[in-house]
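Peer 1: My questions will all concern the structure given below.
The values are calculated or read from the model by the stated rules, or taken from the named source; none is laboratory data. Everything quoted here is computed from the prediction, not taken from an experiment. Here the Cβ is made from the backbone with ideal geometry for all residues, glycine too, and neighbour counts use every protein chain on show.
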Amino acid sequence: MNPLRSHSRLVRKLQEALGDQLCVALDDATVVEIMLNPDGRLFIERLGHGVTEVGAMNPAAAEVVIGSVAHALQSEADDEQPIISGELPIGGHRFEGLLPPVVAAPTFTIRRRASQLIPLDDYVKAKVMSEAQASVLRSAIASRMNIVISGGTGSGKTTLANAVIAEIVAEAPDDRVLILEDTTEIRCPAENAVCLHTSDTVDMARLLKSTMRLRPDRIIVGEVRDGAALTLLKAWNTGHPGGVTTIHSNTAMSALRRLEQLTAEVSQQPMQDVIGEAVDLIVSIERSGRGRRVREILHVEGFCASRYQTEHYGKTDGDSHVA
């Protein structure tokens, strides 16, 4: 069968199962996430509006959606493989689908890819960050500092990372940028860029080892979530400054603790010296009932005398101070 025709048929089947409302939502630049709960209730999160209930989907249609994504990923969705993770065939949005027995009824979440780049100036105008924080970020980028962006689920880490990467490319347009991701979310305007993706047989640590042989000027990892963090930190420490990554944590200091946990997965020790040497700046972003904001920026100067030496820049009120 013609693979293009097969893919086109799969997309049509998926669109029919999603329905007009969700297909329109996938084209809506304000949509952040689409969520289907086991009880069939549908929710959509939009920028500036939070999460609202938008209707319902029957279990049969939800199962078709999950099965179609599994088929596109050349996998199967059934009792033995009830969890499907990957990219939606429509738009490449991040998809997570679950079937019984791990849930009561078919459930999925679609994290929509950002369709537009939000520059740092717009973050300041929207009061997501202060002018002082934006200035700190720009100075760090010009100084080729390694930047970790931390936050909880849905806090806007990747969107902020894209803004930082755009500033990096504007600052150093000739740099060769290597981007490593599990799913395609990073937007990079660099002309000399190579994008690599993990697979069922190639993990992030293996990609990072290969990256070192591809002559990178900048190494960007969509998210660190396992022992590959140590490989990234070592890469940043060996002649590849100016990198960017994101990490799940609620504060800048907890991002350092999280890195300790991840490095300990492969080294059996927290590797504070390596972290203190490799990480220069941690930007903590959070989501609240009033929207997103940069909670704090932490400049990491090293690890000495059993503690991290840090300089702390305050919240979106524009004040900064040394901690």
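Peer 1: What's the number of the condition Leu137 fails, among (1) of a type in the set (A, V, I, L, M); (2) modelled with pLDDT under 90; (3) assigned by TED's automatic domain parsing to the domain that holds Glu185?
Peer 2: Result: Leu137 passes all but (2).
Peer 1: Against the definition (buried (at least 19 other Cβ atoms within 10 Å of the Cβ), farther than 12 Å from Ala114 by Cβ and under 13 Å from the mean Cα position of the chain (by Cα)), how does Leu160 come out, yes or no?
Peer 2: No: the conditions fail for Leu160.
Peer 1: Which residues, taken from segment 89-106, are assigned to a loop (DSSP other than H, G, I, E, B) and either crowded, with 21+ Cβ neighbours inside 10 Å or out of contact with any Pro (no Cβ under 9 Å at 6 or more places or on another chain) (or both)?
Peer 2: If the condition is that a residue be assigned to a loop (DSSP other than H, G, I, E, B) and either crowded, with 21+ Cβ neighbours inside 10 Å or out of contact with any Pro (no Cβ under 9 Å at 6 or more places or on another chain) (or both), then Pro89, Ile90, Gly91, Gly92, His93, Leu99, Pro106 are the ones that fit.
Peer 1: Oh, and also: In segment 163-196, which residues are within 13 Å of the chain's Cα centre (by Cα) and not in a helix (DSSP H, G or I)?
Peer 2: If the condition is that a residue be within 13 Å of the chain's Cα centre (by Cα) and not in a helix (DSSP H, G or I), then Ile179, Leu180, Glu181, Asp182, Thr183, Thr184, Glu185, Ile186, Arg187 are the ones that fit.
Peer 1: Let me ask you something else. If you check Val283 against the conditions, is it at pLDDT 95 or above, more than 17 Å from Ser135 (Cβ to Cβ), part of a strand (DSSP E or B) and not assigned by TED's automatic domain parsing to the domain that holds Gly50?
Peer 2: In short, no.
Peer 1: Look through segment 23-45, keep the residues that are in a strand (DSSP E or B) and in contact (Cβ under 8 Å) with a residue 24 or more places away in the chain, and return whichever of them is nearest to Gly156 (Cα to Cα).
Peer 2: This residue is Val32.
Peer 1: Next question. Only one of these conditions is not met by Gly86: (1) closer than 20 Å to His197 by Cβ; (2) assigned to a helix (DSSP H, G or I). Which number is it?
Peer 2: Every condition holds for Gly86 apart from (2).
Peer 1: Run down Val69, Val124 and say which single residue is surrounded by 17 or more Cβ atoms within 10 Å (Cβ to Cβ), on the phi < 0 side of the Ramachandran plot, in a helix (DSSP H, G or I) and assigned by TED's automatic domain parsing to the domain that holds Glu296.
Peer 2: Residue meeting the stated conditions: Val124.
Peer 1: I would also like to ask the following. Based on what the data block shows, is Ala62 buried (at least 17 other Cβ atoms within 10 Å of the Cβ) and within 15 Å of Thr109 (Cβ to Cβ)?
Peer 2: yes
Peer 1: On to the next question. How many of the residues making up segment 197-212 are in a loop (DSSP other than H, G, I, E, B) and within 17 Å of the chain's Cα centre (by Cα)?
Peer 2: The qualifying residues number 3.
Peer 1: Answer with yes or no whether Val51 is assigned to a strand (DSSP E or B) and either aromatic (Phe, Trp, Tyr) or within 30 Å of Ser288 (Cβ to Cβ) (or both).
Peer 2: Yes; evaluated as a whole, the condition is true for this residue.
Peer 1: Another one. Considering only segment 232-248, state which residues are more than 18 Å from Ala140 (Cα to Cα) and buried (at least 21 other Cβ atoms within 10 Å of the Cβ).
Peer 2: Leu232, Ala235, Ile247
Peer 1: Restricting the search to segment 107-121, which residues are surrounded by fewer than 21 Cβ atoms within 10 Å (Cβ to Cβ) and part of a loop (DSSP other than H, G, I, E, B)?
Peer 2: Scanning segment 107-121 gives Arg113, Ala114, Ser115, Gln116, Leu117, Ile118, Pro119.
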